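Each remark here refers to the structure printed beneath this line.
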Amino acid sequence: MAEKIDTRYTQERELSWLKFDLRVLEEAADESVPLFERLKFAAIFTSNLDEFFMIRVGSITDMTLSKQTHVDNKSGLTPAQQMEAICRVMPDLYRRRDKTVKELEKRLCARGICRLSMDELSEGEREQTERWFRDYVQPVLSPIVIGSHMPFPHLPSKSLNIILSLRREGEHCFGVLPVPKSLPPFLVLEGPGLRYVLTEQIVMGYAARLFSAYKVEEQRIVSVTRNADISPEDEDYDVGEDFRDHMQKVLKRRARLAPVRLEFQGEPSKELRRYLCQRLELADAYVFCSKAPLAMGYVYGLESRLPPESAVELCYPPYTPQWPSSLVKGAPLIPQILRRDVLLFYPYHTMDPFLKLIREAAADPLVVSIKITIYRLASTAKLAEYLAAAAENGKDVTVLMELRARFDEQNNIRWAQRLEEAGCTVFYGFERYKVHSKLCLITRQEKGHIQYITQVGTGNYNEKTAKLYTDFCFLTASPAIGSDAAAVFRNLSTSDLKAKYQYLLVSPNSLKDRLIHMIDGEIQKARQGKKAGIFLKTNSVTDRELIDKLAEASQAGVPVTMNVRGICCLRPGVPGLTDHIKVFSVVGRYLEHARIYAFGVGEDTKLYIGSADLMTRNTERRVEVACPIWDPAVRRQIRHYISLYCADNEKARLLQPDGSYLPVPQPEGEPALSVQTALMEEAVKEGRTAAVHQKALTPEPEKAPGLLSRLLGRFRKER
């Protein structure tokens, strides 16, 4: 008999994720957000939904095909029941998205930013569209009539296609007209403002010409979403086959996996709907109709085309990540970090100090090695170039490149090849465990002594997302942390994942156990009548063991505050069970991505930052690293950040016992506070301070030799 699942204070993971995405859509309806930014939030909601179907629905679909009976340990639902629950809530999400997009586009059009249908074009605009279609679009189109000589074609995941119902001489058939991804997503029309037509609308407007031998009875834009939940570690591959080659094969399979969703723009006839469901072997419950465009990535391409005066009114004010005041910009970084720990907080701080550190290390004659774990890189990455330069300079550069970073695999393969060519030692992790840690170790040898500079991060070494995601980058010369980091790299290179470390928390072997031990410590304090407390900042909470331990802490009277951006399977505020737990989410201009684990109250608080969410995949099936924070200045810095997050009454939403979110109450007389806005303002002030320090250290031309000599002497002394 199956064990009964306790669902008194837990909720189903996928429905929790959809509630998070609804939070994103609520930003699109928030009047305090600039109008064009609201359209971007609608686009983010749409791309989130795409990934949800590709990954989460794909995973559940796979489980429904399994012969083994699986029951979710938070909701007690079978995969089939989970899919039924998802399909029930999905139509309402589509309706809300359609309504939001329609309202936003109406208001944008009043300001000269107009998405037009073919029927709305003026005579001159229609002539421009006609020329563009004839000269640039039609030559790359491949119309297909489905029949005995042409079977139903493969529709790649998330590609846009025009499906046509055709008739000739009394015979009925169907046509397919793929919209090539090589085409730009829209055509900007001549004239004032920004008037544009989406490419798929233009293709559909002229589709009848390409099927001139037929009468077109119906035509619709459609998109198929396919299962992309490939787990390469579960794939069989030949012994001795290069893992990079194996990943290339896996990527080719991704586009052809089974359909999990069919989308129509507009309402199709029952006949067309039934025909496509049969061809795709997809149940009708997985068919969704949208009034908004099926692909909204075009929105990001519009931003650079906005007239300057419109951009000022409709977009967020531009923000430049700042240089931190804790580091002197114009001086060498290695001596400064040897002297004190430093914490960068992206995107409020710039990533430049870390990149400059790697560049310095690449050229420093005392640096003997650089070791780093890489999960995601930008398509253009200074970091990779600096690592390559270090190898070319004779440094021992070791890179653990995780090839299974979902949707970034091809980019990682390219960078792995580049780094190998430069002389770096590159290896790819393990069959059953992804390496998700953000760890870098620089080893120096000076006068016979080893010096370590360790970097531990919460986010990827990605120069693009460092301007969009909030993440910590911690830099320390602590010998204890450096020694642990060196051991991590030794063990990773020998596939030893069972090792334990003195100070670092490393999954899959010790991170969860140590977190549970620290929660137990707070439970013991509370039971003894001592002050206790827990603060956790993470992206998701799904690990049942940790959820139950946090509920136990609540029942012992431990105040638990959790800033959880997305999925939270723990329901707070359930009387007698989780009533001492508060969970809030912040969705704003930047994607919240930093992780903090804090246990205790006041100066005795045990404080960590790291790469792991409180998800079973992170705690048991990934290599993650969390680092203790000992430096008093950095501890004050993090405690300040925690206080700001807890004070947010503008963007924060409180998770309710029923799984819904409500705005944080704003006490009468207290000003509104957005943590992201406050951190930007603080960073700008900090940047001004750093600029003053830089100016003070910049010598006047006639006095340069003496000042530079004294400056270099001071840094030698610090070292």
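The values are calculated or read from the model by the stated rules, or taken from the named source; none is laboratory data. Being a predicted model, the structure only gives us computed values, none of them experimental. Here the Cβ is made from the backbone with ideal geometry for all residues, glycine too, and neighbour counts use every protein chain on show.
Structure data summary
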| quantity | calculated |
| --- | --- |
| Test result for V145, within 24 Å of L294 (Cβ to Cβ), in contact (Cβ under 8 Å) with a residue 60 or more places away in the chain and β-branched (V, I, T) | yes |
| R261, sole failed condition from (1) more than 30 Å from A466 (Cα to Cα); (2) at pLDDT below 95 | (2) |
| Odd one out for D92 among (1) out of contact with any Lys or Arg (no Cβ under 9 Å at 6 or more places or on another chain); (2) among the acidic types (D, E); (3) over 18 Å from A29 (Cα atoms) | (3) |
| Any hit, the stretch 495-514, residues being touching a residue at least 40 places away in the same chain (Cβ under 8 Å), in a loop (DSSP other than H, G, I, E, B) and charged (D, E, K, R) | no |
| The stretch 439-455: number of residues that are among the β-branched types (V, I, T) and crowded, with 24+ Cβ neighbours inside 10 Å | 3 |
| A477 vs. criteria within 30 Å of P321 (Cβ to Cβ) and in contact with a helix residue (DSSP H, G or I) (Cβ under 8 Å, 6 or more places away or on another chain) | yes |
| Residue list for the stretch 655-672, filter: of a type in the set (G, A, S) and either touching a residue at least 12 places away in the same chain (Cβ under 8 Å) or under 21 Å from V560 (Cα atoms) (or both) | G659, S660, A672 |
| Criterion: over 25 Å from E263 (Cβ atoms) and under 32 Å from the mean Cα position of the chain (by Cα) - qualifying residue of D92, D135, D98, D72 | D72 |
| Identity of the residue in the stretch 434-489, among the acidic types (D, E) and modelled with pLDDT of 95 or more, that ends up nearest to the chain's Cα centre (by Cα) | D471 |
| The stretch 148-179: number of residues that are of a type outside the set (V, I, T), under 17 Å from A295 (Cβ atoms) and assigned to a strand (DSSP E or B) | 4 |
| Residue that is assigned to a strand (DSSP E or B), aromatic (F, W, Y) and touching a residue at least 40 places away in the same chain (Cβ under 8 Å), where the choices are F489, F430, F474 | F474 |
| Any pair with Cβ under 7 angstrom, 6 or more apart, that starts in the stretch 291-313 at a residue that is in contact (Cβ under 8 Å) with a residue 24 or more places away in the chain and closer than 20 Å to F53 by Cβ and ends at one that is acidic (D, E) and buried (at least 17 other Cβ atoms within 10 Å of the Cβ) | L294/E263 |
| The one condition in (1) small (G, A, S); (2) within 19 Å of K158 (Cβ to Cβ); (3) surrounded by fewer than 17 Cβ atoms within 10 Å (Cβ to Cβ) that S32 fails to fulfil | (2) |
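Here's the yes/no breakdown for (1) under 31 Å from the mean Cα position of the chain (by Cα); (2) on the phi < 0 side of the Ramachandran plot; (3) exposed (fewer than 12 other Cβ atoms within 10 Å of the Cβ); (4) not acidic (D, E):
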residue: E130; (1), (2), (3), (4): no, yes, no, no
residue: P143; (1), (2), (3), (4): no, yes, no, yes
residue: V179; (1), (2), (3), (4): yes, yes, no, yes
residue: P184; (1), (2), (3), (4): yes, yes, no, yes
residue: L189; (1), (2), (3), (4): no, yes, no, yes
residue: L198; (1), (2), (3), (4): yes, yes, no, yes
residue: M204; (1), (2), (3), (4): no, yes, no, yes
